[in-house]
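The values are calculated or read from the model by the stated rules, or taken from the named source; none is laboratory data. As the structure is a prediction and not an experimental result, all values here were calculated from the model. No Cβ is skipped: glycine too gets one built from the backbone with ideal geometry, and neighbour counts run over all protein chains shown. For the accessible areas, the whole protein counts, side chains as well, though only heavy atoms, and no ligand, DNA or RNA atoms are used. Shrake-Rupley method; radii C 1.70, N 1.55, O 1.52, S 1.80 Å.
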Amino acid sequence: MLNKYARAFFTRVLTPFAALLLRLGVSPDAVTLIGTAGVMAGALVFFPMGEFFWGTIVITLFVFSDLVDGNMARQAGISSRWGAFLDSTLDRVADGAIFAGFALWYAGSGDDNVLCAVAIFCLASGQVVSYTKARGESIGLPVAVNGLVERAERLVISLVAAGLAGLHAFGVPHIGILLPIALWIVAVGSLVTLIQRVVTVRRESAEADAASAANGPADR
């Protein structure tokens, strides 16, 4: 849901910065790789230590590379299947690192096995949600559904909560409860989104099979 509105806004805001990087000779692929490395560092270095505020700051600085690299490719007229593949693949890596960072915290100093399991579920379900759309599209289906909690929602909910929870280190009382709440919201929302996509693919595949049968025997 957020993708529909936020992406267009930030694309306009970041267009001048993307143009500057192109003038400096930076490639879109380099921005993709650097952005992913920055997100992973923020998540896997700061989060396991409980430094949620600074970890979120680092991740936020690099997460916008997901918009900048595509913007650069369009401005330079060099959009390619490889660039789209690399961007999508590294998005999954970055997302996994964020929730892995949460899981490592709760498995260690955070000392909460239930929340560790919830963070792992968020990691796994996020990957499966992305896979269902990619797999559905690969067999020729549109997968025309806006899920309840897609990638943008997962990132915003978890990172905003983590950043605010990190204010506990600055003396803000009881603020740490926001992160567990956010993880549960993302977990439940991802499960709902997965069900939405599976139901949609089931319906679209049945419609496509029926149309094929009406037009003649389909190859199997």
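Miscellaneous remarks
- Alpha-carbon Rg/Rh ratio, for the chain, with Rh computed the Kirkwood way: 1.03
- Carbon + sulfur, % of accessible area of the stretch 3-77 - ligands and nucleic acids excluded, 1.4 Å: 73
- Rounded to 10°, Cα long-axis angle of helix 52-63 versus longest principal axis of the chain: 40
- Couplings 3J(HN,Hα) for the stretch 144-158, derived from phi with the Karplus relation 6.51 cos²θ - 1.76 cosθ + 1.60 (θ = phi - 60°), are 7, 8, 9, x, 5, 10, 9, 4, 4, 5, 4, 5, 5, 4, 6 Hz, where x marks Gly and Pro.
- Quotient of C-alpha Rg and 2.2 N^0.38 Å, computed over the stretch 100-220: 1.41
- Each Lys and Arg contributes +1 and each Asp and Glu -1, all at the Cβ; summed about the Cα centre of the stretch 1-153, the dipole is approximately 600 debye.
- In Hz, Karplus ³J(HN,Hα) per residue of the stretch 88-98 (6.51, -1.76, 1.60; θ = phi - 60°; x = Gly, Pro): 5, 5, 6, 4, 5, 5, 5, 4, x, 5, 4
- Within the chain, helix-based [θ] at 222 nm, where runs of 4 or more DSSP H residues each add -39,500 (n - 2.57), nearest 500: -26000 deg cm²/dmol
- When the Gaussian network model of the chain links Cα atoms closer than 10 Å, the mean-square fluctuations of 187, 208, 117 top out at 208.
- Relative to the longest principal axis of the Cα atoms of the chain, the long axis of helix 28-41 makes an angle of roughly 50 degrees.
- Across the protein chains, with a 1.4 Å probe defining accessible surface, the residues 203, 12 rank 12, 203 from largest area downward.
- In the context of the full set of protein chains, the chain has a per residue accessible area of 55 Å² (1.4 Å probe).
- Put simply, the amide H of residue 148, placed in the peptide plane, has neighbours under 5 Å in 193, leaving out anything fewer than 5 places away on its chain.
- Over the C-alpha atoms of the stretch 94-143, the Rg to Rh ratio, Rh being the Kirkwood estimate, stands at 1.21.
- Computed over the stretch 1-74, the ratio Rg/Rh where both radii use C-alpha atoms and Rh is Kirkwood: 1.04
- Share of carbon and sulfur in the accessible heavy-atom surface of the stretch 96-220 [1.4 Å probe, %]: 67
- Set the Cα radius of gyration of the stretch 1-127 against 2.2 N^0.38 Å, with N its number of residues, and you get 1.16.
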